[in-house]
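Working notes, structure below.
Nothing in this text is a laboratory measurement; each read-out follows from the coordinates by a stated rule. Computed from a predicted model, the values in this text were never measured in an experiment. Note that we place each Cβ from the backbone using ideal geometry, even for glycine, and neighbour counts take in every protein chain shown.
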């Protein structure tokens, strides 16, 4: 089965980017950074966002130099097939591991908040068919569906933030955390970042017309700004006890539990989390498919979907089965994986630019 | 030519069907034979236009003379291979014993109903006439709205047994020729015994015939079809069907209603928002109600929770069985009321609403909130009646998902169906355009509606040759 991955517009790419950059940071991330860095925690998303925007800038430069080439072609042309395959294997592992982390976080959330004591099977039954369908339908369908839900997502995010502002009851006491503690926390919770790298994999499929770069940059900037804002509001709303409220956006809405006649508003944040979970997992699967395709070019793309499902099920059923293992995995293993988007990839791209510059001169 | 022999031959070919009529007269030594179908021709026209001029003619009859004296417009020479086709099409064949040529005179006539207001799309303001079963009348209804050379009708014949006439209509210079070509290609490739109604064509020309989503536009109203043709769509008129089809079709078309264009635009916008809300309530309402009852009751406001708990605790069934039962009951009543005469339809409504519903609640078999939820969901369907079959199917899917997976499943299924709808492209038009892909200019007549003067361009959701429709010369 050949999956049809037609081009997407800059707007659709921007929306996918927004979902990726915002989504996996609204649940446990704010609580965890507060636990490690107290009130200075709000600086962590700002610092991470700067790095993320740097990655987007790198993509912008690369896309301008190679507007129609695939990333496979670019890597192969400059560094050979072996490097390209190593890169794509690394990408496969990267996106699979991110999907596993996301699943674990949301599984814990849903089991605690809605489906008491439900088994993994229930969630897998609800999640896997949908994300497989989205990924198999192709990048354009994924982009269009995300575009359709975007107004809903954005409205809920803005609503949650506005409601969250009513819960702020303290001013922060800054500069209480040591630099070492701050940077350790920063590194430990760096795993949710780096998603911009997906753009490199679909570099030839993003149709960016003249003047449309601002859409991509504003989507990314907007998402990261909202991450910082949510973290900030959350930390101020639950000053000193943030670590006791693990699910940030949900807890923000829980603060205003009952509006007369409307009831608890945390249902709204719950829907937001569900939407994010579906889309983010689908995008990770899609990126895994692209990575798989980069490694096994001659094999049908549907094997990429099968491989993802098999590996995903093995990891969540046998390797990371409880909360402790999930925390260990998310804080001590996964941050190292970000070396790929934030160190290895930029180095290779910069080397590529330098070589081209040299070639042009000669 | 041996006239009698030829007539016998034709009768034999038509299996001596009772409606095959023939008559032979002798005029100045020349035998004149008429063969026609009684069921397709008018006796009065036959005698006034053909029989009288021939019998009153005093000179010597020849083929050339015959062509001139008959009082009809559609007169032509007919090849022997086309004899049967012409007779079946309502023509009278005239044979002369002194000529080898045969004359075909079209005097097709049968009773048709006059254009009336269609029961499927009544309007408060605006034109009330609707299409009929006669395709020529339908062509007239369209022609009356376009007094320009741009309107084109192309005729095709489909169906081995029915030989149904299908007319493709479009506005030349506005429509994208590729769409016309594709429509013609699809219709020409149909190999079937018969086309009884335009609904037969829907399955045969849809890109995804197995899909539950509607992919071809339908209307009984000439003003709606004209408006769609002005946007660059192709209309397909099928003989013997009052429903005219249009392609390309996008979901938005069913959200629009002809009333929207004959009333204030702000009010139309409000109505469209209500329709969207009604669709959502209708599709998701019952599923969400079950999900809240089964999985997420703790998020309901305390007052509601107490009321619902109070009214459901006596009910012996689970919410899923309860809601499924009422839904099925409604569907049965709906089917019955469709098929019963109108005076009995009222009786079934009374039985359904009062006896079954009210008594069911009083007996403790059904809970009032469930009855209300189902009633709202079922009534809301008919804000967009064109989508009623799809919405009804989706309702059952969401009831099942709500009962098994709760909100997680409902959101997931919504994503699934919308992604599925996004995979459909009919004649180059994305199904969910202009919402996804988002096309700003087309959203002027989307859920929001701006005044006609602000809708300067034709839709971009599908291709058309002329983009501007207002101030074209600028």
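Worth a mention:
- Counting, for every residue in A:104-113, the Cβ atoms of other protein chains within 10 Å of its Cβ and taking the mean gives 1.
- Cα convex hull volume per residue for the range B:261-341 (Å³): 163
- Going by neighbour counts of Cβ atoms within 10 Å, the residues B:184, B:463 line up, fewest first, as B:184, B:463.
- Spin-label model, residue B:65 to residue A:184: label points 7 Å out along the Cα-to-beta-carbon direction sit 12.0 nm apart.
- With Cα atoms, 0 to 90° folded angle of helix B:3-13 axis to chain B main axis: 20
- Here chain B is treated as a sphere whose radius is the Kirkwood value from Cα pairs; by Stokes-Einstein at 10 °C and 1.306 mPa s it diffuses with a coefficient of 60 µm²/s.
- DSSP beta bridges in the range B:3-106 [antiparallel fraction, %, rounded to 5]: 100
- Span from the the range B:69-120 Cα centroid across to the the range A:310-362 one, whole angstrom: 79
- Volume per residue of the convex hull around the Cα atoms, evaluated for chain A, comes out as 144 Å³.
- Calculated FRET efficiency, residue A:300 to residue B:439, Cβ-Cβ distance, R0 = 22 Å: about 0.05 to the nearest 0.05.
- Here the range B:1-67 and the range B:441-467 have alpha carbon centers that stand 56 Å from each other.
- Considering every alpha-carbon pair of the protein assembly as shown, the percent of pairs per 10 Å bin, from zero through the bin containing the longest distance, is 2, 10, 17, 19, 17, 13, 9, 6, 4, 2, 1, 0, 0.
- For the range B:318-372: rounded, prolate or oblate by the Cα gyration tensor [a/c cutoff 1.5]: oblate
- Relative counts (whole %) of C-alpha pair distances in the range B:135-260, using bins that are 10 Å wide: 12, 48, 34, 5, 0
- Degrees between helix A:43-65 axis and first principal axis of chain A (Cα, 0 to 90, nearest 10): 20
- Theoretical gain in end-to-end length, residue A:354 to residue A:112 [0.36 nm per residue, Cα-Cα removed]: 82.0 nm
- Pair residue B:57, residue A:218: separation of 7 Å Cα→Cβ label points (nm): 8.0
- Segments A:59-72, B:114-127, B:216-229 sorted - mean Cβ within 10 Å per residue, highest first: B:216-229, A:59-72, B:114-127
- Shielding by partners for peptide B:401-412, expressed as the average number of C-beta atoms from other protein chains within 10 Å of each residue's C-beta, is 6.
- A simple spin-label model places pseudo-atoms 7 Å from Cα toward Cβ; at residue A:207 and residue B:153 they are separated by 3.9 nm.
- Note on A:324, B:129, B:58: ascending count of other Cβ atoms within 10 Å places them as B:58, A:324, B:129, the fewest first.
- The range B:264-423 shape via C-alpha gyration tensor axes, a/c threshold 1.5: oblate
- Put the Cα centre of the range A:53-121 next to the Cα centre of the range B:147-170 and the gap is 54 Å.
- Acute angle (nearest 10 degrees) that the helix A:302-314 long axis makes with the longest principal axis of chain A, alpha-carbon atoms: 40
- Full-stretch length increase - residue B:2, residue B:471 - with 0.36 nm per residue and alpha-carbon distance subtracted: 162.2 nm
- Label zone (residue A:155, point 7 Å along Cα-to-C-beta; backbone nitrogen cut-off 14 Å) within the range B:441-469: B:447-448.
- Of all DSSP bridge pairs formed entirely within the protein assembly as shown, close to 95 percent run antiparallel.
- Between residue B:262 and residue B:184, the FRET efficiency estimated from the beta carbon spacing at R0 = 30 angstrom works out to 0.35.
- Shielding score for A:118-126, defined as the mean number of other chain Cβ atoms within 10 Å: 3
- Shape category assigned to the range A:5-145 from the gyration tensor of Cα positions, a/c cut at 1.5: oblate
- Residue order, fewest to most beta carbons within 10 Å, for B:262, B:343, B:135: B:343, B:262, B:135
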